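Coordinate-derived values only; no laboratory data. It should be emphasised that the depicted structure is a prediction, and the values quoted were computed from it without experimental measurement. Using ideal geometry, Cβ is built from the backbone for each residue, glycine included, and neighbour counts are taken over all protein chains shown.
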Amino acid sequence: MTNYQVPRGTRDIFGAGIEQQRYIENKARTLFKNWGYDEISTPLFENKDLFIRSVGETTDIVEKEMYTFQDKKGRLLALRPEGTAPVVRAIIEHNLIQQGKSTKLFYVGPMYRYERPQSGRYREFYQIGIELFGISSEYADWEVMILGYDFLQQILKDKDFSLEINSLGCDLCRAKYRDKLINVLQNYSSQVCSDCKKRLTRNPLRVLDCKVDNAKFVDLPKTVDFLCPDCKQHFENLQMLLKNSNIEFKLNSNLVRGLDYYTKNVFEIKCPGLGAQDTICAGGRYDNLVKELGGNNTPAVGLAFGIDRLLELLKSDTGHTKSVCSKIYFAVASTELLQYASFLSRKLRLDGFNIITDFYDSKSLKSQLRQANDLGIRYVLILGDEEYKNSVIQLKDMLEKNHTFIKLDSINNELKNVINQQKI
Ligand code: HAM
């Protein structure tokens, strides 16, 4: 037993867990590329200021949850708590936005927030995010939401999830809303926590998002009642597009999001069965952020999925690993065949198959099959003297508990069929 344990709120991911995580990531990569999104990878840490400026000084993320440190030259850095600000920094730095054209990017990777760990909430967690720059039309919001929706349907199949939307409006609408909110929140000033006392005047919208206080508020004004004609039309057009695509959604006037950069439409996708941490995807429009961070005026909209929460949902799916796993276990029943089997497994691997073996030390067939079972591998190739003599190999389906014999000279095609059948 080691004296060391994984830091609180972080996890080692291995075995079926890492298989499922990569499966989700690869599904996302394929779908997003089909929609014209290119992958981008940014550093795990950035200048702390980037997040203060973008996520917002008075947000929980910046006030309480950032992992910050000084490097040897005294630079103030932070492990990234989210992916949008780094992507915006990168597109400005590398001039990735061409006027009059849209830029579409996605990213996959770990994020860091010093939150109180609980099921579905970690200090190191993984996100897949997409960001669409350069389009102010509601079609861009629709595309991002539809992508979120289609991806979740591919991953979660028949599981229920629900989309909630709201509009926070532009600076104009927000200023009016802010005044009204400050007015109403004065009634609560003696009841709120010390953080909210500061927020009441500095950034009152954040009060709505406070985990300590938000249950206390009733009859607060709604952002949608303060929208200017442009923002109102934009929000209504988006709703119409969603309706026409047969996407069900709910208006949620309490949805303000925990990050300051949002403008106009925001949304969250929730899935029952996850307890308190049931938001699996969230995002919205952020038309001011590129300019705020030093770029040209560029409208933008995006979202991020919480991979850890998606994995939690898939964990309850017994047999899921078996069905997504493309591994094939190759067992040998006779010591005489070790060399032939070693060479054949090498050839199959070179041909692109994922072949698991553990027979070099002449393990019994029984213990090889037990291992295949423990690894959750559905298909097992078994080579014994009889099969070898007849130029065939046994293909055993551990799930259906049946087997067939396939000819050694057509093994590639047979295995390809098996793997294709497993793919969902
Ligand atoms: P966010 O709502 O802070 O938005 O995070 C997005 C998703 O990441 C959440 O809905 C949740 O599934 C997951 N998540 C957040 N914190 C944790 C945690 N501590 N443990 C596990 N999962 C977590 C953003 O980060 C924005 N950058 C999204 C965005 C992209 N908006 C526009 N573009």
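Miscellaneous remarks
- Compared with the dominant Cα axis of the chain, that is its longest principal axis, helix 365-374 is turned about 10°.
- Value of D in µm² per second that Stokes-Einstein yields for region 161-237, Kirkwood Rh from Cα pairs, at 10 °C (1.306 mPa s): 119 µm²/s
- Computed FRET value (nearest 0.05) for N214 with Q98, which takes r as the C-beta separation and R₀ as 45 Å: 0.60
- Unit charges on C-beta of K, R, D, E only; dipole of the chain, Debye: 620 debye
- Most simply put, region 12-120 has about 75% antiparallel DSSP beta bridges, counting only bridges with both residues inside it.
- Using equal-weight Cα scatterers in the Debye expression, the normalised intensity of region 241-359 in log10 at q = 0.10, 0.12, 0.21 Å⁻¹ is -0.61, -0.71, -1.19.
- Residue-wise HN-Hα coupling along region 169-182, computed from phi with Karplus coefficients 6.51, -1.76, 1.60 (Hz; x: Gly, Pro): x, 8, 4, 5, 5, 5, 4, 5, 4, 4, 4, 5, 5, 4
- Look at the Cα gyration tensor of region 32-184: its axes a ≥ b ≥ c give a/c under 1.5, and that counts as rounded.
- Helix axis angle, 138-156 relative to the chain longest principal axis, alpha carbon, degrees: 30 degrees
- Between D171 and D71, the simple spin-label model (points 7 angstrom out along Cα→Cβ) gives 3.3 nm.
- The convex hull defined by the C-alpha atoms of the chain has an orientation-averaged projected area of 26.1 nm².
- Nearest 10 degrees, 0 to 90: helix 16-34 Cα axis against the chain principal axis: 60 degrees
- Contour excess over end-to-end distance, with Cα ends at D374 and I146 and 0.36 nm allotted per residue: 78.2 nm
- R0 of 60 Å, Cβ-Cβ distance K389-K197: FRET efficiency to nearest 0.05: 0.10
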